[in-house]
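> Attaching a single structure in structure tokens format; questions to follow.
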Amino acid sequence: MLDRVLEFSEALREAGIPVAASESIDALRTLDHIGLEQRTSVKEAFAATMVKSGPQRTAFDTLFDLYFGTGRGPEALDLRDADDDPVTAEQLLEELRAVLTGGDPSAMSDIARRAVAQLGRLGSSSREWYSNYEVLRALDLTSLLGRLSDEIPDTLSATERQILQDELERRAREFKDAVLRETRRRVAEHRGAKAVASYAVQPLPEDLNFLSATADMAELRRAVRPLARKLATRVAMKRRRATRGHVDLRRTVRHSLSTGGVPMEPILRHRAPHRPELFVLCDVSSSVSRFARFALMLTHALSAQFSRVRSFAFVDTIDEVTRFFEHEDFLAAIDRMNEEALVVSDDGHSDYGTVLERFLDHYGADVGPKTTLLILGDARTNYRSRKTEALRELAAKARHVYWLNPEPIYDWDTGDSAASEYAAHVDDMVEVRNLRQLEDFIATRL
């Protein structure tokens with residue numbers, strides 16, 4: 001059991017869930033109070049010691065089923081399947097029909113197990129594999145739901161019909177989930193839990209790629225607000241520690257005379273509080289718009305930690321959009337920015353050279369030694385003039401210039417990318433492809 005818990009803890013870390021050694025020990029200690037046969041209780045106890053947030057629970061559940069629902073080997077599967085009578089897809093479909101229309105929901109997992117065993121097996125005996133797609137294709141669950149929906153009595157009210165329809169769809173989703181869990185369990189018995197975990201666990205919201213996330217955008221939005229609150233606290237604490245300053249040796253020695261020359265109370269030379277200005281230049285062209293949206297939301301959520309935050313959006317020209325973020329509704333501000341900001345003057349393709357030059361001409365006078373300039377974009381110029389001299393002049397005027405690039409480093413300088421040319425004139429160009437990397441940057445640099 002110790003080895004299994006350690007493997008499980010390692011799998012959680014690989015999935016992005018931080019699990020300390022002390023938390024693994026706490027999970028093991030819960031087994032002194034809960035019997036191993038109480039699987040649900042063990043699962044909840046482990047979750048209480050290892051899971052820190054709601055989005056992490058889905059990954060935890062998937063991994064728990066793999067590491068504590070498997071491990072007996074393919075022989076155990078063969079022994080269990082030998083007790084089942086052969087059934088056809090039509091027979092399984094009739095059993096499923098009974099469950100969906102009000103039968104015993106607990107029978108669903110048994111139907112899923114037998115369906116996967118007899119309809120989902122692929123490959124040879126030397127390379128066993130199971131497919132939930134093959135099972136669902138053989139059962140044709142969509143057609144079954146359609147027939148069951150047609151059988152709902154017309155005498156019922158629209159509300160009652162909708163309730164029954166929703167219940168049918170909910171049970172159908174439960175069956176699909178049961179089939180997916182069973183296919184993963186069987187593959188894990190043949191190839192090991194780690195092999196299945198490598199593809200079964202979906203990325204956490206903070207690890208979703210800004211440029212490729214589509215269906216998971218709602219998860220990203222939900223993750224932004226708590227992350228912004230956490231970052232605001234961390235940045236504020238960092239600033240408070242920074243203002244404490246260093247030991248003033250001369251004053252400390254003088255003060256120690258009152259205690260016989262022993263420096264019982266160090267005297268600190270306090271620093272003047274420094275709250276920099278933050279200027280954010282954001283590429284909102286279609287290729288990086290998702291990244292820009294979340295970066296803007298986070299930086300404005302931290303506005304209290306800066307003396308002033310000004311935002312600028314651009315595609316092939318630039319416009320200040322600070323006015324849209326004067327209220328707390330960030331999503332509405334983003335929508336207004338997309339509709340009202342004057343960011344296109346030519347063909348709607350990114351033109352970093354022109355944008356940097358225009359920013360220097362129109363707003364360069366406002367950039368000073370207290371300004372941190374943050375540029376968000378992929379540095380792809382569409383083969384237009386790069387005008388690095390404008391960026392060099394801005395860097396000379398500002399306190400810091402950082403460039404956040406949502407592309408992976410191995411894509412920099414490919415095609416029309418001018419990443420290295422621009423990176424030569426900024427403090428640092430940083431790969432920021434997800435919320436976790438964005439959080440690390442804000443916590444350590446701003």
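> For region 2-68, treating each Cα as an identical point scatterer without solvent, what Debye log10 I(q)/I(0) comes out at q = 0.23 1/Å?
-0.99
> While we're on this one: Mean 1/r over all different Cα pairs, inverted: what Kirkwood radius does region 74-202 give, in Å? Present the calculation step by step, with values, prior to reporting the outcome.
Working: mean 1/r = 0.0630 Å⁻¹.
In region 74-202 this quantity evaluates to 15.9 Å.
> Once the convex hull of the alpha carbons of region 287-364 is built, what does its volume come to per residue, in cubic angstrom?
Numbers: hull volume 7.5 nm³, N = 78.
So the per-residue hull volume is 96 Å³.
> Could you derive backbone 3J(HN,Hα) for region 156-167 from the dihedral phi with the Karplus parameters 6.51, -1.76 and 1.60 (θ = phi - 60°), listing whole Hz in sequence and x where the residue is Gly or Pro?
Using θ = phi - 60°, the values come out as 6, 6, 4, 5, 5, 5, 5, 4, 5, 4, 5, 5 Hz.
> Averaged per residue, what accessible surface does the chain expose to a 1.4 Å probe, in Å²? Provide the component values of the computation, followed by the final result.
Numbers: 23130 Å² over 446 residues.
Accessible area per residue: 52 Å².
> Within the set of other residues whose C-beta is less than 10 Å from the C-beta of Gly102, count the net charge using Lys and Arg as +1 and Asp and Glu as -1. Walk me through the numbers before you get to the answer.
Working: positive: Arg171; negative: Asp104, Glu167.
Surrounding charge for Gly102 is -1.
> Pairs on different chains or at least eight residues apart, Cα atoms closer than 30 Å: how many lysine pairs in the chain fit?
For the chain, the number of qualifying lysine pairs is 16.
> What does DSSP give for the chain in terms of the percent of beta bridges that are antiparallel, rounded to the nearest 5?
Numbers: 8 of 30 bridges.
Bridges in the chain that DSSP calls antiparallel: roughly 25 percent.
> Below 8 Å between Cα atoms, with a sequence gap of 6+, how large is the relative contact order for region 62-151 in percent?
Values: 45 pairs, mean separation 20.9, N = 90.
Contact order relative to length: 23 percent.
> Can you find, among Ser258, Ala424, Leu356, the residue farthest towards the positive end of the dipole of the chain? Put +1 on the C-beta of Lys and Arg, -1 on that of Asp and Glu.
Ser258
> Okay, moving on. Where does the Debye-calculated log10 I(q)/I(0) of the chain sit at q = 0.09 Å⁻¹, using only Cα point scatterers of equal weight, no solvent?
These q points yield log10 I(q)/I(0) values of -0.83.
> In the chain, if the dipole is taken from +1 on Lys/Arg beta carbons and -1 on Asp/Glu beta carbons about the Cα centre, which of Leu36, Leu156, Ile111 is farthest to the positive end?
So the residue we want is Leu36.
> Taking only C-alpha pairs under 8 Å that are 6+ residues apart, what is the relative contact order of region 2-68 in percent? If you can, show how the numbers build up before the last one.
Details: 46 pairs, mean separation 25.9, N = 67.
Computed over region 2-68, the figure is 39 percent.
The values are calculated or read from the model by the stated rules, or taken from the named source; none is laboratory data. The shown structure was predicted, so the numbers you read here are calculated from the model rather than taken from an experiment. For neighbour counting, all protein chains shown are included, and Cβ atoms are generated from backbone atoms with ideal geometry for every residue, glycine included. Surface areas here come from the heavy atoms of the whole protein model, side chains and all, with no ligands, DNA or RNA. Shrake-Rupley method; radii C 1.70, N 1.55, O 1.52, S 1.80 Å.
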